[in-house]
Amino acid sequence: MSNVIVIGSQWGDEGKGKIVDWLSYKADAVVRFQGGHNAGHTLVVEGQTYKLSLLPSGVIRGKKSFIGNGVVLDLKALQNEIKTLEEKNIKIDNSILAISQSAPLIMSYHQELDKARESELNGIKIGTTGRGIGPAYEDHVGRRALRVCDLFNKKKLSDKIENALSHHNPIRKGLGIEELNKNTIISEIDSYSDFIKPFVKNVWDELFKLQKENKNILFEGAQGALLDIDHGTYPFVTSSNTVSAQASIGTGIGLIENCFNLGITKSYLTRVGEGPFPTEQSNEIGEKLGLLGKEFGTVTGRKRRCGWLDLVLLKQSVNIAGLKGLALTKLDVLDSFEKIKVCISYSYKGETYKYLPLEIEDTSQIITNYIELDGWNQETKGTRKFSDLPKNAKTYISFIEEFVGVPVAMLSTSPDREDTILFKDPFNN
Ligand code: GDP
Ligand code: IMO
Ligand code: MG
């Protein structure tokens with residue numbers, strides 16, 4: 001029995017979907033444990049592209065899939081995602097998918113509030129995905145969330161809706177949004193409860209049983225460590241914990257033993273939305289990275305900000321998330337760069353920093369100290385053997401490993417499932 005937790009080590013979109021799909025061939029179950037349909041995980045298998053937001057990326061291989069209690073669930077988004085997959089001949093029924101009874105629901109009023117706040121000019125604009133993620137998690141910790149289990153108890157549901165609206169209506173009024181009445185919400189919920197019912201299970205118990213049977217469980221994180229609500233670049237973060245430790249809490253599986261924590265890492269760096277980005281290249285380098293890496297958001301289509309790999313932040317993520325190894329992706333995007341820079345420290349007001357200091361108010365004033373490495377000027381796209389990689393690409397990989405102190409366990413050289421090199425099997429460590 002072994003477990004693997006996959007998380008993003010940067011600001012998301014590192015290629016988690018591709019790596020989870022690849023690894024899932026060895027998994028008996030694949031589990032989502034946080035986030036919601038703000039995630040956009042892309043898989044390319046035999047020429048077919050799949051974009052998943054809520055379903056664990058193991059579904060394409062027909063693996064048993066779980067949506068844990070830590071996920072905020074938009075029923076409409078889930079239904080649409082299942083429909084879209086069915087159009088591609090991937091059938092999702094309750095022999096494949098189980099959803100936690102205690103997952104909080106994202107309601108239309110969460111999405112409306114998220115969007116209204118983002119359009120307010122006075123507050124801090126985060127650049128959210130507008131999916132209602134923040135407001136849904138707020139209701140969860142505010143103990144007024146509607147949860148999956150509430151859908152099937154009409155009396156309880158009615159009281160809970162009243163309770164939620166007593167909070168939301170004054171806020172809506174203040175923001176100039178029409179107030180809601182209970183019946184509108186009841187009919188919103190009624191339209192999805194039959195669809196969801198067959199999938200609803202006691203997920204923690206099912207996972208416990210799988211553990212007892214010595215099965216391999218693969219945990220699929222969304223977003224990335226730098227977007228973690230506690231450890232990320234607050235307030236420019238998402239509203240959940242995105243680091244590996246959340247895999248326990250967001251599923252109820254207990255402490256996960258015999259586990260490899262794998263951090264998916266883009267060979268350069270991107271960010272969608274607002275917030276600090278010390279190595280951002282708002283110039284032709286950033287444009288080139290974006291163009292070659294096709295850096296447009298999977299969920300919102302927004303152009304991603306691009307820059308050099310920041311080893312200061314990567315090491316911070318490795319340590320905070322307890323990563324045991326990295327899966328380095330999109331190496332091929334760097335193929336045509338003469339010189340490749342990596343950031344190894346920051347300077348600010350005469351001080352040198354090996355981490356992102358919270359006391360710096362204006363992060364745009366941070367000076368990034370780089371090491372410049374020679375590029376390889378050779379195509380690595382589609383390379384499937386380490387020995388076929390150019391010498392300078394190997395040097396780039398070793399430099400990263402040495403700096404952050406953990407090995408590169410996997411390498412990805414194109415979006416395609418098969419263009420993946422395994423150095424160290426996360427399920428066998
Ligand atoms: P995720 O959110 O971490 O799953 O990542 P996304 O799917 O949002 O973004 C990663 C993008 O890079 C997707 O379009 C992938 O198909 C693509 N991708 C993944 N690995 C590679 C790679 O090694 N090379 C290239 N060129 N593209 C990749
Ligand atoms: P995957 O799983 C990249 C970013 C948003 C915004 C911030 C808060 O595909 O890597 P939210 O809607 O969560 O309240 O937005 O987090 N963000 C992501 N960026 N990839 C993601 O997911 C993201 N999910 C949220 O752009 O800056
Ligand atoms: Mg993504």
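Some values worked out for this structure:
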| item | result |
| --- | --- |
| Sole residue being without any contact (Cβ under 8 Å) to a residue 40 or more places away in the chain and in contact with a helix residue (DSSP H, G or I) (Cβ under 8 Å, 6 or more places away or on another chain), chosen from LYS160, LYS154, LYS83 | LYS160 |
| Selection count, the range 384-429, where residues are of a type in the set (A, V, I, L, M) and under 14 Å from ASP332 (Cβ atoms) | 5 |
| ARG172 among the charged types (D, E, K, R), part of a loop (DSSP other than H, G, I, E, B) and modelled with pLDDT of 95 or more | no |
| Residue ranges of strands (runs of 3 or more DSSP E) in the range 247-331 with at least 2 members within 30 Å of SER102 (Cα to Cα) and of a type in the set (A, V, I, L, M, F, W, C) | 259-266 |
| Some residue of the range 311-324 being farther than 30 Å from GLY68 by Cα, modelled with pLDDT of 95 or more and more than 16 Å from the chain's Cα centre (by Cα) | yes |
| Some residue of the range 197-219 being part of a loop (DSSP other than H, G, I, E, B), in contact with a strand residue (DSSP E or B) (Cβ under 6 Å, 6 or more places away or on another chain) and within 16 Å of ligand 2 (Cβ to nearest atom) | no |
| Candidates HIS110, HIS37 - the one that is more than 17 Å from the chain's Cα centre (by Cα), within 27 Å of VAL272 (Cβ to Cβ) and within 16 Å of ligand 2 (Cβ to nearest atom) | HIS110 |
| Test: GLU162 is under 21 Å from ASP114 (Cβ atoms) and either crowded, with 16+ Cβ neighbours inside 10 Å or more than 27 Å from the chain's Cα centre (by Cα) (or both) | no |
| Qualifying residue in the range 334-341 (condition: within 23 Å of the chain's Cα centre (by Cα), more than 14 Å from ligand 1 (Cβ to nearest atom) and surrounded by fewer than 19 Cβ atoms within 10 Å (Cβ to Cβ)) | no |
| The range 308-332: number of residues that are surrounded by fewer than 24 Cβ atoms within 10 Å (Cβ to Cβ) and either within 11 Å of ligand 1 (Cβ to nearest atom) or more than 18 Å from PHE399 (Cα to Cα) (or both) | 3 |
| Count of residues meeting criterion [out of contact with any helix residue (DSSP H, G or I) (no Cβ under 7 Å at 6 or more places or on another chain), open to solvent by 40 Å² or more (accessible area, probe 1.4 Å) and of a type outside the set (Asp, Glu)] in the range 226-247 | 6 |
| Set LYS88, LYS51: member being assigned by TED's automatic domain parsing to the domain that holds LEU207, surrounded by fewer than 22 Cβ atoms within 10 Å (Cβ to Cβ), touching a residue at least 12 places away in the same chain (Cβ under 8 Å) and away from ligand 1 (no atom under 13 Å from the Cβ) | LYS88 |
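The values are calculated or read from the model by the stated rules, or taken from the named source; none is laboratory data. No experiment lies behind these values; they were computed from the predicted model shown. Note: ideal-geometry Cβ built from the backbone for every residue, glycine included; neighbour counts use all protein chains shown. The protein model used for the area step is the full one, side chains on, heavy atoms only, and it has no ligands, DNA or RNA in it. Shrake-Rupley method; radii C 1.70, N 1.55, O 1.52, S 1.80 Å.
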